[in-house]
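**Student:** Input: one structure, supplied below.
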Amino acid sequence: MKTLRDILDSGVAYLEARGVEGARSSMQALIAHVMGSDRTWIYLHMEDTVAEEKLAQLRELLRNRGLGIPLQHLLGSVEFYRRIFRSDSRALVPRPETEELVELALQLFPRSIPAPRILDMGCGSGVIGVTLALELQALRPDVVLADISPTAMSLALENATSLGARVRTFRSDLFSAWQPPGDETDTRILPPAAFHLIVANLPYVPDQEQLQTEVTHDPATALFGGVDGLDVIRRFLTQVRMHLEPGAIVLLEVGHDQGERVLDLMRQVGLINVALHTDLSGIPRFPTGYAPPKDERE
């Protein structure tokens, strides 16, 4: 029978031959998943043999990983801001940069607003909104998660429920759910009229951009944003102003070369104090802007 050492080494070689980045860490994660352990346990049991039943599971996972299926989809989970979220093909796999977007939101948002209204627009799996709801729960925030995809919304709700976050979810094409009821018999519960904080990780990949194989397993609607990647962001910014409280903050995540153009769009719709923040790699990734004070909004 094969030992864990044999399985690890052969699995790493298999993934490397297929061009999978992080082959060793991927193989460690797959072994830990099948064995119901962690990576430390693996190195303490390298000479243990593995039952054929476990080997069969590993072979299938390894084959799919070699085909470029994201590790998070195979494991069914992803770590984000120290919490474990469900992750599958219903929504974009959260990227490390998005954790930095959440950290920036928490740094910029004042704690002096009681019961703040917060929107995670284009929420996908819900990692941004759920994390903000939990990190700011002492303020008793009203956190809204919105996305055009019903399958993404189902995943977001599962994550909120499993982590105990108090949020509300709305299926919405940007702000379409904010349209007033059509008649007196329309009993929809509308989202809040205005927010103190809106965070959005919207599609920003140009239509013709070549993606890594792994990324192609994410929903196309969560990735592509037209010829220059900014179609959805333009629509969002033309609508966002009327949904902001005076002084409210808007934070976006965009592509590596889109920041300055998005700042111009923010200025055009009347946001003030716009700024472009870099990620940990020094890439200008996060445009931010503020709604003007009340006397400047008219």
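**Student:** Once Rh is set to the Kirkwood radius over Cα pairs, what Stokes-Einstein translational diffusion coefficient, in µm²/s, holds for the stretch 116-245 at a temperature of 4 °C and a viscosity of 1.567 mPa s?
**Tutor:** 84 µm²/s
**Student:** Please give the peptides 147-154, 48-55, 285-292, 135-142 ranked by average Cβ packing (other Cβ atoms within 10 Å per residue), highest first, as a rough proxy for protection.
**Tutor:** Packing order, densest peptide first, comes out as 285-292, 147-154, 135-142, 48-55.
**Student:** Please tell me the relative contact order of the chain in percent, rounded to the nearest whole number, where contacts are Cα pairs under 8 Å and at least six residues apart.
**Tutor:** That works out to 13 percent.
**Student:** In addition: Mind checking the angle between helix 231-240 and the chain's longest principal axis? C-alpha axes, 0 to 90 degrees, to the nearest 10.
**Tutor:** 40 degrees
**Student:** Taking Cα atoms, how many degrees apart are the long axis of helix 4-17 and the longest axis of the chain, rounded to 10 and kept between 0 and 90?
**Tutor:** 60 degrees
**Student:** Using θ = phi - 60° and the Karplus relation 6.51 cos²θ - 1.76 cosθ + 1.60, list the HN-Hα couplings for the stretch 242-250 in order, rounded to whole Hz, with x at every Gly or Pro.
**Tutor:** 6, 10, 10, 5, x, x, 5, 10, 10
**Student:** If you count the DSSP beta bridges with both ends in the stretch 1-150, what percent of them are antiparallel, to the nearest 5?
**Tutor:** Here the share of antiparallel DSSP bridges comes out near 50 percent.
**Student:** So if R0 is 25 Å, what FRET efficiency would E103 and S162 give, r being the distance between their Cβ atoms, rounded to the nearest 0.05?
**Tutor:** Between E103 and S162 the formula returns 0.65.
**Student:** How much length, in nm to one decimal, is gained on full extension between S154 and T3, taken as 0.36 nm per residue of separation minus their Cα-Cα distance?
**Tutor:** 50.4 nm
**Student:** Would you kindly derive the ³J(HN,Hα) couplings of the stretch 23-35 from the backbone phi angles with the Karplus curve 6.51 cos²θ - 1.76 cosθ + 1.60 (θ = phi - 60°), listing them in order in whole Hz, with x for Gly and Pro?
**Tutor:** Listing the rounded values in order: 4, 5, 5, 4, 5, 4, 5, 5, 5, 4, 4, 5, 7 Hz.
**Student:** Here's a follow-up. Once you put a point 7 Å from the Cα of S10 and another 7 Å from the Cα of V274, both along the Cβ direction, what distance in nm separates them?
**Tutor:** With each label point 7 Å from Cα toward Cβ, the separation is 5.7 nm.
**Student:** Between 0 and 90 degrees, rounded to the nearest ten: what's the tilt of helix 52-66 against the longest Cα principal axis of the chain?
**Tutor:** Tilt relative to the chain: about 50 degrees.
**Student:** Of all DSSP beta bridges located in the chain, what percent are antiparallel, nearest 5?
**Tutor:** Around 40 percent antiparallel, to the nearest 5.
All of the numbers you see were taken from the coordinates with simple rules; none came from a lab. None of the values given here were measured: they were computed from a predicted structure. Quick reminder, even Gly has a Cβ in these numbers, built from the backbone with ideal geometry, and neighbours come from all protein chains shown.
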